[in-house]
Amino acid sequence: MSSMSIKNNPTWSVAEFETPIFDPTVESLVVDLTYGRGHLWLNDHDLGRFWNITQEGKEVSSVSPDTYSQRYYNLPHDWLRHDGRQNVLKLFNTFGFGGGDDVFLSCIRILLTEMKEVTNDMDGDIVPHACV
């Protein structure tokens, strides 16, 4: 049985990272979060709630990450530190992270993404500056 399927106590976790050099007019920094339900803060700014549910309504542990209704959360450029200090990402997860830091680190990544126009598959419309 994986540690993610075991009921865990709610946990607070902290990740620190440096701000990469990037052009915020064409790129965005995001958190890729693939487990849990809770709340996020970046440098004491409230980023809001997260809740990893799937489009098919299945348990998150039994599906591909591509079926999550949301897994990417924007880190606003203005809230990032540009003075050489580490950024602090705080996460409260009501599900907890059974297995400790190893499980936490496997469920969260900081990604630099390119923003570009994409086509909406449903009606062919262009969606300007979608984060992909």
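The values are calculated or read from the model by the stated rules, or taken from the named source; none is laboratory data. All of these numbers come straight from a predicted model, not from anything done at the bench. Reconstructed Cβ throughout: ideal geometry from the backbone, glycine too, with neighbour counts over all protein chains shown. Protein only, heavy atoms only, side chains kept; ligands, DNA and RNA dropped before computing areas. Shrake-Rupley method; radii C 1.70, N 1.55, O 1.52, S 1.80 Å.
Some observations on this one:
- Every residue from region 21-37 that is small (Gly, Ala, Ser) and either over 16 Å from Leu75 (Cβ atoms) or under 11 Å from the mean Cα position of the chain (by Cα) (or both): Gly36
- Identity of the residue in region 89-111, at pLDDT 75 or above and open to solvent by less than 10 Å² (accessible area, probe 1.4 Å), that ends up nearest to Ser28 (Cα to Cα): Leu89
- One residue alone among Tyr35, Tyr73 is among the aromatic types (Phe, Trp, Tyr) and at pLDDT 85 or above, and that residue is Tyr73.
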